[in-house]
Amino acid sequence: MTPRNPQLNWHGELIHLLSIEGLPREIVTHILDTAAQFVSVGDREVKKVPLLRGKSVFNLFFENSTRTRTTFEIAATRLSADVINLDIGRSSTAKGESLLDTIANLSAMAADLFVVRHGESGAPYLIAQHVAPHVHVVNAGDGRHAHPTQALLDMYTIRHYKRDFSRLTVAIVGDVLHSRVARSDIHALTTLGCPEVRVVGPKTLVPPDLAAMGVRVCHSLEEGLRDCDVVIMLRLQNERMSGALLPSSQEYFKSYGLTPEKLALARPDAIVMHPGPINRGVEIDSAVADGDRSVILPQVTFGIAVRMAVMGIVAGNEA
């Protein structure tokens, strides 16, 4: 008997969002379609819908984040949920309490949904295995493993500007080795039928097993950018690097930094994306980041609607 996907209930409905890997295409598309209905909420005078009224959403960020945590908080508030941000630095976890004991105590406070960012890969899966059937878990990034809502907002952005995935060439450029976003983006793009996904970076920052995921590996930025429709830039995650994987950030920018001249190799209507935070002059030139091909700020705006859709869907499905 094939084991059940822990993200789905027995009816095949989404009850947790832990990873893009293994999600059916219909569910990914359903999230994007639902997000499209929420985009306009930000333009209303009263930026709220009652979908999660009476529900409690706990933001548990064991790793620092500004953009992701804030957009989740805004999304939950717009769904009319009660939002509780746990100060991890002062929580019982910092005093030695185990992760599962922390979750058990918060569940006793009538939590309905946990949004979890954790430095250890698999932590959201562990939590999802130990919560009650009516409690839901959304992964806001775990270790090097996955960042599913970032991938979904990336897919929403691509679909918004390019409409159809079936003819696109997408280049993911930079520190892929340490990037949970890159892995989630690759799973999402292949699930949605993107015919060519290129991963571009120096050999020290590209995992050797990526070709098995159906991507084309390029160690030359020029080769990776040529005639592509979408460019997703990644920052150097120096905080996750051990040892000297690069000569210097200046050398890296010379070879892999996205400048207007290098972007000219892509299609004339190619869009430039970045999950943030941006390191100007390291992986991307300011002229590109602020240019008319950049959709970096719309990504952030769309991220609120996508996270509204995810929380609305998982909390609406019973286990």
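Are any residues in the range 116-163 acidic (Asp, Glu) and either open to solvent by 30 Å² or more (accessible area, probe 1.4 Å) or out of contact with any Ser or Thr (no Cβ under 6 Å at 6 or more places or on another chain) (or both), and if so, which ones? Outline the logic, then answer.
Step one: of the range 116-163, the residues acidic (Asp, Glu) are 120, 142, 154.
Within the range 116-163, GLU120, ASP154 qualify.
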Using the structure shown, decide if ILE88 is of a type in the set (A, V, I, L, M), free of Cβ contacts under 8 Å to residues at least 60 places away in the same chain and open to solvent by 10 Å² or more (accessible area, probe 1.4 Å). yes
Looking at the range 149-164, I want the residues that are of a type in the set (Gly, Ala, Ser) and have a partner that is buried (at least 24 other Cβ atoms within 10 Å of the Cβ) and assigned to a helix (DSSP H, G or I) with Cβ atoms under 6 Å, at least 6 apart or on another chain. Which pairs are those? ALA151/SER184; ALA151/ASP185; ALA151/ALA188
Could you tell me whether any residue of the range 71-85 is touching a residue at least 40 places away in the same chain (Cβ under 8 Å), more than 18 Å from VAL314 (Cβ to Cβ) and touching a helix residue (DSSP H, G or I) at 6+ places or on another chain (Cβ under 8 Å)? no
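Please work out if ARG267 is at pLDDT 95 or above and either surrounded by 18 or more Cβ atoms within 10 Å (Cβ to Cβ) or not in a helix (DSSP H, G or I) (or both). If you could, list the steps in order and put the result at the bottom.
Numbers: at pLDDT 95 or above: yes; either surrounded by 18 or more Cβ atoms within 10 Å (Cβ to Cβ) or not in a helix (DSSP H, G or I) (or both): yes.
Spelling it out, ARG267 is indeed at pLDDT 95 or above and either surrounded by 18 or more Cβ atoms within 10 Å (Cβ to Cβ) or not in a helix (DSSP H, G or I) (or both).
Consider ALA111 carefully, then state whether it is open to solvent by less than 50 Å² (accessible area, probe 1.4 Å), aliphatic (A, V, I, L, M) and part of a loop (DSSP other than H, G, I, E, B).
Judged against the criteria, ALA111 is a match.
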Does any residue of the range 97-106 turn out to be more than 18 Å from ALA76 (Cα to Cα), acidic (Asp, Glu) and either open to solvent by less than 10 Å² (accessible area, probe 1.4 Å) or not in a helix (DSSP H, G or I) (or both)? yes
In the range 269-319, anything of a type in the set (S, T, N, Q) and more than 30 Å from HIS136 (Cα to Cα) is listed as ASN279, SER286, SER294
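Name the residue that is farthest from PRO202 (Cα to Cα), counting only residues in the range 283-316 that are assigned to a loop (DSSP other than H, G, I, E, B) and open to solvent by 30 Å² or more (accessible area, probe 1.4 Å). Explain how you work it out, then say what you get.
Within the range 283-316, the subset assigned to a loop (DSSP other than H, G, I, E, B) is 283, 285, 290-293, 295, 315-316.
Those left that are additionally open to solvent by 30 Å² or more (accessible area, probe 1.4 Å): 285, 290, 292-293, 316.
On the way: ASP285: 18, ASP290: 25, ASP292: 28, ARG293: 25, GLY316: 44 Å.
Here the residue is GLY316.
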Looking for something in contact (Cβ under 8 Å) with a residue 60 or more places away in the chain, under 20 Å from SER249 (Cβ atoms) and of a type in the set (Gly, Ala, Ser) - is there at least one such residue anywhere in the range 292-306? no
Restrict the check to the range 59-76 and report whether at least one residue is out of contact with any Lys or Arg (no Cβ under 7 Å at 6 or more places or on another chain) and farther than 29 Å from ASP43 by Cβ. yes
Is it the case that LEU32 is assigned to a loop (DSSP other than H, G, I, E, B) and either over 28 Å from ARG159 (Cα atoms) or touching a residue at least 24 places away in the same chain (Cβ under 8 Å) (or both)? no
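The values are calculated or read from the model by the stated rules, or taken from the named source; none is laboratory data. On a predicted model such as this, the values are computed, not experimentally measured, just so you know. Cβ sites come from the backbone with ideal geometry, for glycine too, and all protein chains shown count toward neighbours. Remember, those area values only see protein heavy atoms, side chains included, never the ligands or the DNA or RNA. Shrake-Rupley method; radii C 1.70, N 1.55, O 1.52, S 1.80 Å.
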